[in-house]
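Notes for the one structure printed next.
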Amino acid sequence: MKRVRCLVLNAALGPLDYRVPDGMDVEPGSVVECPLGPRTVTGIVWEAERLPGTDVPAEKLRPLRDALPVPPLGAPLRRLIEWTADYYVASMAGVARMALSSGGALKGPATMTEYRLTGGMPERLTPQRLAAMEALEGEQANIRELAGIAGVSEGVLRGLVNHGVLEPVEVDCDRPYDPARPDFAKVDLSPQQAEASAVFSAAVRAGKFAPFLLDGVTGSGKTETYFEPVADALKMGRQVLVLLPEIALTENFLSRFEDRFGTAPVLWHSSLKSTERRRAWRAVANGSAQVVVGARSALFLPFARLGLIVVDEAHEVSFKQEDGVRYNARDVAVMRANFEKVPVILASATPALESLQMAESGIYRKIDLPSRFGGATLPSIETIDLTEEKPGAGQWLATRLVEGIEERLARGEQSLLFLNRRGYAPLTLCRNCGFRFQCPNCSAWLVEHRFTRRLACHHCGHETAQPETCPDCGEPDCLVACGPGVERIADEVAERLPQARVFVATSDTLNSPVKAAEFIAAVETGQIDVIVGTQLVTKGFHFPDLTLVGVVDADLGLEGGDLRAGERTYQQVAQVAGRAGRGSKPGEVLIQTRHPEATVIAALAAGDRDAFYDAETEARRHAGAPPFGRWAAIIISSEDDGEAREAANRIGGFRPHVDNCVILGPAPAPMALLRGRYRYRFLVNARRSVQLQDVIRHWLGQVDHPAGVRVAVDIDPYSFV
Ligand code: ADP
Ligand code: ZN
């Protein structure tokens, strides 16, 4: 009799042993259906020696129900799942679920019905039908998607099916993607770029683990440079994974990829339709998806023949997942490359201090691109001291900045104003009684959105209409907006420069690939003079006529004073500054601040990156912060405040006493209420010599909680709320 140990996708259960029925063929990595009481759960066959479990006697074992028709997860991915669970103090089931992220894909080959125009005419041609037929020219999709495209009800389309205007087509769900062509449109690299890409290409051909930090200034052509090793991997029949921090950036990337390789890459992100998901997942697993471009979750896809991983904008905080398994995709990417024995390229103009430190200690190889491509120069940077050059009452822009925009208008050039705050104003209060609009579910003010005339919480999505009177004292016309958001800055520009065409670029306005593409086209064709945007516009975009960047409030990110505030400010301002002067016209950057003397601001103004990193390195060393020491946060939450506090205190009672490890808390978290849950927090700071994860696992393992309490461990946290 053959028995196997399975990792089942249920975090509450340990590994379970099963009998393999006669005629079923399984090996480590096989995805199987396991009986569990009256139910069935999905499981993965695992090496028993790597997954401690209880040895159930053979006669008590239940037989596996089924082996699913997908290739077994490879050993490198299994090692990655183990490592991620271990390092981030997460359940292996939780991590494994990210690898089996398409339920449909596990069921095997399938077909689906789609519809397309036949060329026929309905007996009665209503305007609605005519419009639908025009919109559906060349389209093929299911009825629901077609209804979306045509902007009509599904009923209208079913009518067209009955009239023979639309016909059903059976489609293979797993139809292959168009092949990418490594030599489709090769570009001539600059000598600097060629040297860098030759190093990467050699590593791809060597097929060994090799971590690189591609440290290139904004506009140096990092993308062109890593496209060459991508081409080499393709020629070797290997797959490539490119991680991007934000879906909003993919539009730009996709068109560049298509220009270079003749076809679009395979996309992977959370808002894929389930049919696209299953198609991508199966193509990744059978090796036919050549290049996958995705958000962090793509990291756990079951690649059959991975040859290279690229993490673009590797410093980005959005690579850190903040719920479920709290992992940092940048670091997990390096581990995956390690297990797969392939090179990994972390590309950035403003690398994280941790990455630079890894390069310094010789673990990563650092490859520099110190100048912009095509002779473009880096922009000149100046600060505007807001304590001296005060904007007028109710204004946020200094005269010098407005004059700068005016000059650009006169020359037909473009300007970008950066403020990392969506909406019109971050706080609304009553002038009469002092009432402030607060979110009922979060410790946060409601943000006014004037376009939609609503007050919204940016943490939980709670929204209300903006009332006419104060809800507390009932006074009319007494509500005032405090502080600026991007919408308010746009208003100010429109008021002071009425001739300017202003566009607000945030996740509210660029919330779909179509809108992002429209925005890019509008800027490229000169239909926009001034972009007012959040961090969404700080990276990736390349607008040759954009010559002025204004940072509205450089102090904003420093206010909270968390561990990474300085670094984040440096990165954001340097990235947005990098949007200026990317073409033949030189760029200028004006940074508004009340603290021009602060290390990070002074370093930005002087263009002296090393000065900033040196100071930051010393500060971190002194504080025992990463990369010199380790941090972890433990958040205890419940919908009931008393229950959360009690659980936190109980955990506090078991606090371990370990040398070189300081545990602070429990204390109410800075966001003491978030999405309806009350939160208490421990912060752990340890020397690198401490086995931090073991300490935490052992500590938390001693304490039980009521069902309503959640305990989340965040290793190497980025968010300190
Ligand atoms: P980065 O990502 O380093 O900021 P990009 O990769 O966006 O820079 O490159 C900046 C611009 O220069 C892009 O428009 C890109 O197409 C162009 N470019 C870079 N290298 C080359 C090259 N070798 N040949 C042609 N165009 C290039
Ligand atoms: Zn809220």
Next item on the list: Could you check segment 568-682 for helices (runs of 4 or more DSSP H) lying wholly inside it with 3 or more residues that are farther than 30 Å from T218 by Cα, of a type in the set (A, V, I, L, M) and out of contact with any Leu (no Cβ under 9 Å at 6 or more places or on another chain)?
Entry: 641-653
Check: Which one of these is free of Cβ contacts under 8 Å to residues at least 40 places away in the same chain and in a helix (DSSP H, G or I): A410, A393?
Finding: A410
Margin query: Regarding segment 681-700, can at least one residue be identified that is charged (D, E, K, R), within 19 Å of C442 (Cα to Cα), touching a residue at least 60 places away in the same chain (Cβ under 8 Å) and not assigned by TED's automatic domain parsing to the domain that holds R568?
Written below: no
Next item on the list: Can you tell me which residue among L214, L234 is under 24 Å from I367 (Cβ atoms), touching a Pro at 6+ places or on another chain (Cβ under 7 Å) and either in the same structural domain as L308 (by TED's automatic domain parsing) or modelled with pLDDT of 95 or more (or both)?
Entry: L234
Item checked: Members of segment 374-390 that are assigned to a loop (DSSP other than H, G, I, E, B) and within 16 Å of ligand 1 (Cβ to nearest atom) -> A376, T377, L378, P379
Next item on the list: Please indicate, with yes or no, whether at least one residue in segment 464-474 is under 24 Å from G533 (Cβ atoms), outside the structural domain of G676 (by TED's automatic domain parsing) and either within 16 Å of ligand 2 (Cβ to nearest atom) or over 28 Å from the mean Cα position of the chain (by Cα) (or both).
Entry: yes
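Matching residues to (1) within 30 Å of E403 (Cα to Cα); (2) modelled with pLDDT of 95 or more:
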position: G607; (1), (2): yes, no
position: A611; (1), (2): no, no
position: P626; (1), (2): no, no
position: Y680; (1), (2): no, yes
position: L692; (1), (2): no, yes
Check: Restricting the first residue to segment 214-243 and requiring it to be away from ligand 2 (no atom under 16 Å from the Cβ), which pairs with a second residue that is assigned to a helix (DSSP H, G or I) and of a type in the set (V, I, T) meet a Cβ separation below 6 Å and a spacing of at least six or different chains?
Finding: P229/V204; D232/V204; A233/V204; V240/V230
Notebook entry, point to check: Name the residues in segment 517-539 that are of a type in the set (G, A, S) and either surrounded by fewer than 19 Cβ atoms within 10 Å (Cβ to Cβ) or more than 23 Å from G557 (Cβ to Cβ) (or both), would you?
Noted result: A517, A521, A522, G526
Notebook entry, point to check: Any idea which of (1) basic (K, R); (2) within 16 Å of ligand 2 (Cβ to nearest atom); (3) modelled with pLDDT of 95 or more is the one R454 doesn't satisfy?
Noted result: (3)
Check: Is there a residue in segment 195-208 that is touching a helix residue (DSSP H, G or I) at 6+ places or on another chain (Cβ under 6 Å), assigned to a loop (DSSP other than H, G, I, E, B) and surrounded by 17 or more Cβ atoms within 10 Å (Cβ to Cβ)?
Finding: no
Next item on the list: Please work out which residue is surrounded by the most Cβ atoms within 10 Å (Cβ to Cβ), limiting yourself to segment 209-237 and to residues that are among the small types (G, A, S) and under 21 Å from E354 (Cβ atoms).
Entry: G216
Notebook entry, point to check: Of all residues in segment 458-510, which are assigned to a loop (DSSP other than H, G, I, E, B) and either within 16 Å of ligand 1 (Cβ to nearest atom) or under 30 Å from G412 (Cβ atoms) (or both)?
Noted result: P484, G485, L497, P498, Q499, A500, R501, T506, S507, D508, T509, L510
Next item on the list: Tell me, please, whether a residue that is modelled with pLDDT of 95 or more, within 24 Å of the chain's Cα centre (by Cα), closer than 22 Å to V317 by Cβ and buried (at least 21 other Cβ atoms within 10 Å of the Cβ) can be found in segment 509-516.
Entry: no
Next item on the list: Could you check V56 against (1) β-branched (V, I, T); (2) at pLDDT below 95; (3) part of a strand (DSSP E or B) and say which number it fails?
Entry: (3)
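The values are calculated or read from the model by the stated rules, or taken from the named source; none is laboratory data. Just so it is clear, the structure is predicted and the values come from calculations on it, not from any experiment. Positions of Cβ are backbone-derived with ideal geometry, glycine not excepted, and every protein chain shown enters the neighbour counts.
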